[in-house]
């Protein structure tokens, strides 16, 4: 492909995608009051499931005190059409904790917009002069690039709602570290802390813990 043609394709893609997130954030803002309850319930259910799995592992001596819950965005899964988040619960060894304790969570509220955008983009390309020039690799690059932007919106949304989800957790009575941190980001890579559940040392193995943002 000639350098000039490459630039034309890039300009075409930029023109098509520049306003996506801004427009979709407005849609999300309008939809949020209706979707809020389902998002909170879905997140609480996912964290509850992973806590029950951790409890079972702790009972057999295969998992230490729960110290981290990581909500991860997986690039490979995204390219395969899987828009779910992966949840992993680790003990105080974090990534050195090799005993898998995982579940999934769907944040359709955010990702349905990007899925729709990608579908519309493919249709736009099909009827454009670039129909035979935009390749599968181009579409994957667009998906990953835009997903990074939508991921920021997903993190902000999750941080906004995480305290409500924690309040609704079904108690698995797991052993917790003095601080259980919930993070969100990329799998075993850069993540940002969303929330901390703080347990007094004397109450470390009790049902109730103090929570703080």
Going through region 35-79 one residue at a time, which ones are surrounded by 15 or more Cβ atoms within 10 Å (Cβ to Cβ) and without any contact (Cβ under 8 Å) to a residue 12 or more places away in the chain?
45, 77
Check region 108-122 and report whether any residue there is modelled with pLDDT of 95 or more, surrounded by fewer than 18 Cβ atoms within 10 Å (Cβ to Cβ), touching a strand residue (DSSP E or B) at 6+ places or on another chain (Cβ under 7 Å) and over 30 Å from residue 61 (Cα atoms).
no
Any chance residue 32 is assigned to a helix (DSSP H, G or I), crowded, with 17+ Cβ neighbours inside 10 Å and more than 16 Å from the chain's Cα centre (by Cα):
no
Hey, can you tell me all the residues within region 78-99 that are part of a loop (DSSP other than H, G, I, E, B) and either at negative phi or in contact with a helix residue (DSSP H, G or I) (Cβ under 7 Å, 6 or more places away or on another chain) (or both)?
80, 82, 83, 84, 91, 92, 93, 97, 98, 99
Any chance residue 72 is under 27 Å from residue 24 (Cβ atoms) and in a strand (DSSP E or B):
yes
Among the residues of region 1-29, the number that are outside any helix (DSSP H, G or I) and under 19 Å from the mean Cα position of the chain (by Cα) is 0
Members of region 104-118 found to be farther than 13 Å from residue 73 by Cα and outside any helix (DSSP H, G or I), listed by number
none
In the set 139, 152, 156, the lone residue that is in a helix (DSSP H, G or I), touching a helix residue (DSSP H, G or I) at 6+ places or on another chain (Cβ under 8 Å), surrounded by fewer than 18 Cβ atoms within 10 Å (Cβ to Cβ) and without any contact (Cβ under 8 Å) to a residue 24 or more places away in the chain is 139
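The values are calculated or read from the model by the stated rules, or taken from the named source; none is laboratory data. Computed from a prediction, not measured in an experiment: that's the story for all the values here. Ideal geometry is used to build each Cβ from the backbone, glycine not excepted, and the neighbour counts take in all protein chains shown.
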